[in-house]
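Participant: Structure incoming, see below.
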Amino acid sequence: MIIRQLIYLDALAREKHFRRAAEACHVSQPTLSAAIVQLEEELGVMIVERGRRFQGLTKEGEVVLAHARRILAEADQMKSSIAELREGLSGRIRLGAIPTALPMIAHITAPFSARYPTVSLTVLSLTSQEIQQGIDNFELDVGLTYLDNEPLDRVISKPIYQESYVLLSREDGPLGTRDTISWAEAAEHKLCLLTGDMQNRRIIDGIFRSVGASPRPVIETNSIFNLVSHAGIEGIASIVSLQLLEFFGVPLGTRALQLVEPEAQRTIGLIVADRQPIAPLARNLLMMTKPVTDAGLPRRPIIR
């Protein structure tokens, strides 16, 4: 068994197509196919479901793939550890962040890039479930996600900030003179909320349930920018994180009301795979990132 065969298998599992997998590995399709066959012969099991097209992996193939990804990750980590000793930290770090945390990403990436200019960062907007899957499958090095709402598996975490929530609506609307609004009252309004596959939405639904209320979303979106922009539509209100407004400011013509009864917060933080030793890039990002306090947030709006 050689590393190259495992790389080909990993590419095939990702691309789900022999030709695209071969192109991703910069080899011919016959070369990739032959390497997979050699791996099957060496292990004595069928890895790929046979057919004219890629039809998926066998049960044995899924087991082989899981081990292959772990071996490849260990090989990359070995190279990174040696390179760190010789040349200092370098390479690429892949960071997945939940959409509501994207406005806070610069607090993490900017200091890291300043200290390690030879390291490149890739930031991806993903759901919390996609982040957990990416960490498990060695597709992400670090995640920025909720820590205290839904269980996280096999990770090391570090709290970064507390997410809190406001109701955003038109300034010339019926709520234009208000400073606060209860969750129970907010449920009576026509709302724009994030889609149900996003943990922010599940958190908000849970807070509504805790006060015996059910929201009435008339618009659902998976974009935090659409969430904010729809609050400018007459008769529509959006529930957004205060941190989003602290970064971008309260949009012109809208008003942010503090959501109370309860004053809910959720912890957002960094996660890395609980595998020892921790990869050098992920370890350094985790160690150097400091919690963000209210005092450190840029352009705090006045909620009036």
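The values are calculated or read from the model by the stated rules, or taken from the named source; none is laboratory data. Quick caveat: nothing in here was measured; it's all calculated off a predicted structure. Note: ideal-geometry Cβ built from the backbone for every residue, glycine included; neighbour counts use all protein chains shown.
Participant: Among the residues of the range 255-276, how many are out of contact with any helix residue (DSSP H, G or I) (no Cβ under 7 Å at 6 or more places or on another chain) and assigned to a strand (DSSP E or B)?
Facilitator: 7
Participant: Here's something else I'd like to know. So how many residues does the range 119-145 have that are of a type in the set (A, V, I, L, M) and either part of a strand (DSSP E or B) or modelled with pLDDT under 90 (or both)? It would help to see each step written out before you state the result.
Facilitator: Going residue by residue through the range 119-145, those that are of a type in the set (A, V, I, L, M) are 119, 121, 123-124, 126, 131, 135, 140, 142, 144.
Going one step further and asking which of them are either part of a strand (DSSP E or B) or modelled with pLDDT under 90 (or both), we end up with 119, 121, 123-124, 142, 144.
Qualifying residue count for the region: 6.
Participant: List the number of the failed condition for residue 132; all other conditions in (1) buried (at least 19 other Cβ atoms within 10 Å of the Cβ); (2) among the polar types (S, T, N, Q); (3) assigned by TED's automatic domain parsing to the domain that holds residue 234 hold.
Facilitator: The one condition residue 132 does not meet is (3).
Participant: Of all residues in the range 187-244 being assigned to a helix (DSSP H, G or I), of a type in the set (S, T, N, Q) and touching a residue at least 60 places away in the same chain (Cβ under 8 Å), which is nearest to residue 129 (Cα to Cα)? Walk me through it before giving the result.
Facilitator: Restricting attention to the range 187-244, the residues satisfying the condition of being assigned to a helix (DSSP H, G or I) are 199-210, 224-232, 242-244.
Those left that are additionally of a type in the set (S, T, N, Q): 199-200, 210, 226, 229, 243.
Right, trim to touching a residue at least 60 places away in the same chain (Cβ under 8 Å) and you get 199-200, 243.
Numbers: 199: 8, 200: 12, 243: 22 Å.
The extreme case among them is 199.
Participant: Being assigned to a loop (DSSP other than H, G, I, E, B), at pLDDT 90 or above, out of contact with any strand residue (DSSP E or B) (no Cβ under 6 Å at 6 or more places or on another chain) and not hydrophobic (A, V, I, L, M, F, W, C) narrows it down to one of 148, 172, so name that one. Spell out how you get there, then give the answer.
Facilitator: Working: 148 fails: out of contact with any strand residue (DSSP E or B) (no Cβ under 6 Å at 6 or more places or on another chain).
After applying the criteria, what remains is 172.
Participant: Right, here's the next one. Mind checking which helices (runs of 4 or more DSSP H) fall wholly inside the range 25-118 and carry at least 1 residues that are aromatic (Phe, Trp, Tyr)? Break it down stepwise before answering.
Facilitator: Numbers: elements: 29-43, 59-87, 106-115.
Counting at least 1 such residues, we get 106-115.
Participant: Return only the number of the condition from (1) buried (at least 18 other Cβ atoms within 10 Å of the Cβ); (2) under 25 Å from the mean Cα position of the chain (by Cα); (3) outside the structural domain of residue 96 (by TED's automatic domain parsing) that residue 220 does not satisfy.
Facilitator: With (1) buried (at least 18 other Cβ atoms within 10 Å of the Cβ); (2) under 25 Å from the mean Cα position of the chain (by Cα); (3) outside the structural domain of residue 96 (by TED's automatic domain parsing) applied to residue 220, the lone miss is (1).
Participant: Sticking with this one: Only residues in the range 264-283 that are farther than 19 Å from residue 122 by Cα count as the first member; pair them with residues that are of a type in the set (Phe, Trp, Tyr) and part of a strand (DSSP E or B), Cβ under 9 angstrom, at least 6 apart or cross-chain, and list the lot.
Facilitator: Every condition considered, the pairs that remain are 264/165; 265/165; 266/146; 266/165; 267/146; 267/161; 268/146; 268/161.
Participant: Of the residues 159, 151, which single one is over 30 Å from residue 65 (Cβ atoms) and either small (Gly, Ala, Ser) or within 18 Å of the chain's Cα centre (by Cα) (or both)? Outline the logic, then answer.
Facilitator: On the way: 151 fails: over 30 Å from residue 65 (Cβ atoms).
Every option except 159 fails the conditions.
Participant: Give the residue that is modelled with the lowest pLDDT, with candidates limited to residues of the range 279-304 that are part of a loop (DSSP other than H, G, I, E, B) and surrounded by 18 or more Cβ atoms within 10 Å (Cβ to Cβ).
Facilitator: Looking at residues that are part of a loop (DSSP other than H, G, I, E, B) and surrounded by 18 or more Cβ atoms within 10 Å (Cβ to Cβ), I get 279.
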